[in-house]
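For reference, the structure discussed in these notes is given below.
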Amino acid sequence: MKIDFLNKLKTRAQSKIPSIGQVPTRPGQDSISSQGSLPTPTIPPIKSVSFSSETSVQDIIAPSAIEVDFDELKINNRYTRTLFVAGYPRYVSANWLSPLINYEHSLEISLFVYPVESKNVLDDLRRKIAEMEAEIATDIERGRVVDPATQAKLEDAQVMQEQLVKGIERFFQFGLYITIPAETLEELNEVSRGVESTLASLLIIPKHATLQMEEGFKTTLPTCLDYLSITRNMDTTSLATTFPFASSELTANEGILYGINEHNGSLIVFDRFTLENYNACVFAKAGAGKSFLVKLEVLRSLMFDAEIIIIDPENEYENLCRAVGGEYITFGFNSQAKINPFDLSQVIEEEENELNQKMLSLHSLFKVIMGNLSPTEEAILDRALMMTYQAKGISQDPKTQIKEPPLMEDLYKTLLGMEDPQSRLLADRIEKFVKGSFVGIFDQYSNVNIRNSFTVFSLRDLEATLRPIAMFIILDFIWTRIRKELKKRILVVDEAWFMMQNPDSASFLNSIAKRARKYYLGLTTITQDVGDFLRNDLGKAIVTNSSIQILMKQHPAAIEEVSQTFYLSEGEKQFLLACDIGEGLFFAGNNHVAMKVIASSQEHQLVTSKPEEVLAQKKAQMAKEEIPAPPKEQPTIIQKPSPVPELTHPQPLSQTSVPLQTVVEEIISKPVEKTSPLPTPQTNFPPLSTKEEPVPTPAATTLPPRFKSEIIMDNGSTNS
Ligand SMILES: Nc1ncnc2c1ncn2[C@@H]1O[C@H](COP(=O)(O)OP(=O)(O)O)[C@@H](O)[C@H]1O
Ligand SMILES: [Mg+2]
């Protein structure tokens, strides 16, 4: 019965579908094309296929069977169904097709646009208008009420006529076809229902291309051949609103994954080093997932050879740092790490006088330390700084700048030695760093360096009043070191609002943001005090100097500031108030998309800072260590930072414990690196005889299935 029908269908289809190389004709096309308007699709002639004993390319790529039915097509084991659009809404807004384009099941959508000569349409219109006017005139003559529908149509037609004559609008015919692919008939029916109701919600009337499934399928192939020819008139404006590529996509060919695009489920893959500057800023209220996102970013950036430097005030990056074999440097009264704020880079640069730069940043630093300075006090400080450097033999001459730099104590002594009574007062203000409560952190020669690909400077042991100062000094130190050697780097300043509290440190951060590009540096500023940050002009300047801006969940008190700074729409504002942890808006250049940050489970373990998760991890680790541990071994939870002598030794990433690759590239690199021979068929199965010693597990049997199949494909044969 079915075959019978198929035969009939085939003859029917044959009569309709042109053979290869022949152009399909559209119904009614003759009349239109005789008026010289419709371009006919042309396909290049294909060489006739001659059959020989050899297998041709067509044989290989062709499906083994195609079953054409009333309402679907079965190609091998896959089903397809084609819908065409029979009716369109009267009014549409821009991007009205987006629910269809972004439909969650893959669809093949073809849009056909045929330009029509305005002259023909005008002739038709003139006739129609004449008819309608006559109808209205007759109604009036006979004393009848004029039909309002005719009146409306007449007005529409007159407007159309006017616009066509003036050339404001042009005329087109438009065809829209959708082919739904599915694995099973049930799935096909279900998805069809979904698509139809989506279209119905757009006031589009879809119809199944019943008995024309083959034509429908061919029409939605990317060959630009319309075998169905079901079109409708459209003017330019209506046609423009159907433009399908209106959803924001931020998928680049290279870069790292930032998250999932919430508009259409695509991936946000992006390389910040391709933008005009490499800076990023992240704003959200506490706990919204800022640090989580940035940790993921730096972890993934490591794969692209970026060097990572992090200033970590909240002790959040330690786990990650240990896991990737990075260097974790803590500053505190008992820690060994020291930084001397008077350090010079010891690199002679042609156009920059480093001492001058240093003097500027030291001025800012001492203003942060001492509070506001009067002009007289500033002058004294300037003189004292110069004298301190001079006492060490360092002057404007770059050659002298490689000598040993002075220390805080030298400045203190210089200030004491000056005759001005005010200098004594200044000396008092830095006394706490030399012999008071802050002694031992920033008053000795630097003994840390940035040699690791992942370096974290932790401020957790410092009290709150000292943090902005410490951040300043560390940033200045990093900035000095960065300029020594050009390298792709990302510098993360978490809780950057510490720097914003004081105009001098804020201005220093801004100057780094402005000049970072020159040194191949991407500065990431993270802040939760969004309102304060954006109210500050320097904060705004940092935002303007960042190509990537990420906004996550906002506090209602800060939303106005945020929406003014970033020109948010009302919808985006509501999104930022209501979104979940890990969700936000991603701005890169002119694009913005809503994004959801996702991490693999291994990544999540490394980057989470949720107390309960961290505690569970620690417990698990302790349990692991306790089982094989020799008696009475101390159950270390986290390794303390290395003491001074070790700090001065380079620790290349690859030599330290668990390198990053094991975490991120585990799945990718391990199986490929295995040099053991490919499994032979019998090694994949347990041996039948039991006499042998336990069979060593062959490398490939432990691989995830997808690598197995890769190996099989490389091999050119299956082993099952
Ligand atoms: N995208 C996410 N997916 C899953 N959990 C997340 C995500 N973002 C944040 N979290 C959870 O929320 C916690 C707080 O996030 P965090 O980034 O530390 O907040 P903050 O914005 O204050 O820096 C994280 O430790 C993590 O457990
Ligand atoms: Mg944080």
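Coordinate-derived values only; no laboratory data. As the structure is a prediction and not an experimental result, all values here were calculated from the model. Virtual Cβ from ideal backbone geometry, glycine too; neighbours counted across all protein chains shown.
Here are the numbers for this structure:
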| read-out | value |
| --- | --- |
| Semi-axis lengths (Å, descending) of the ellipsoid that matches the C-alpha gyration tensor of the range 368-487 | 26, 20, 12 |
| Estimated distance in nm for a label pair at SER98 and LEU185, the labels positioned 7 Å out from Cα along Cα-to-Cβ | 3.8 |
| Ellipsoid semi-axes in whole angstrom, largest first, where each is sqrt(5λ) of the Cα gyration tensor of the range 227-332 | 44, 15, 12 |
| Rounded D (µm²/s) - the range 90-179, Kirkwood Rh over Cα pairs, Stokes-Einstein at 37 °C, 0.692 mPa s | 203 |
| Close Lys-Lys pairs in the range 109-264, where close means Cα under 23 Å and separation is 8 or more or interchain | 7 |
| Fewest-first ranking of ARG144, ARG300, using other Cβ atoms within 10 Å as the exposure measure | ARG144, ARG300 |
| Computed over the range 60-162: relative contact order in percent, which uses C-alpha pairs under 8 Å that are six or more apart | 13 |
| Ratio Rg/Rh [Cα only; Rh per Kirkwood] for the range 413-463 | 1.16 |
| Long-range HN-HN contacts of GLU327 with modeled amide H, under 5 Å | PHE454, THR455, VAL456 |
| Paramagnetic reach from ARG535 (point 7 Å along Cα→Cβ, amide N under 20 Å) across the range 262-294 | 282-286 |
| Amide proton proximity set for ILE205, modelled H, under 5 Å, gap of 5+ | ALA86, GLY87, TYR88 |
| Cα gyration tensor, the range 437-554 - rounded (a/c under 1.5), prolate or oblate | oblate |
| Stretchable slack from VAL113 to ALA152, in nm (0.36 nm times residue separation minus alpha-carbon distance) | 11.3 nm |
| Two-site FRET efficiency, GLN444 against ASP382, from Cβ-Cβ distance with R₀ of 25 Å, rounded to 0.05 | 0.55 |
| Potential lengthening between LEU257 and ARG460 on full extension [0.36 nm per residue; Cα-Cα distance subtracted] | 70.1 nm |
| Set of the range 359-380 residues, backbone N closer than 17 Å to the point 7 Å along the Cα-Cβ line of GLU431 | 370-371 |
| Label zone at LYS624 (point 7 Å along Cα-to-Cβ), backbone N below 16 Å, the range 296-340 | 319-325 |
| Sites SER106 and GLU613, calculated FRET efficiency, Cβ-Cβ separation with R0 51 Å, nearest 0.05 | 0.90 |
| Length added when fully stretched, GLU570-LYS488, from 0.36 nm per residue minus Cα-Cα | 25.7 nm |
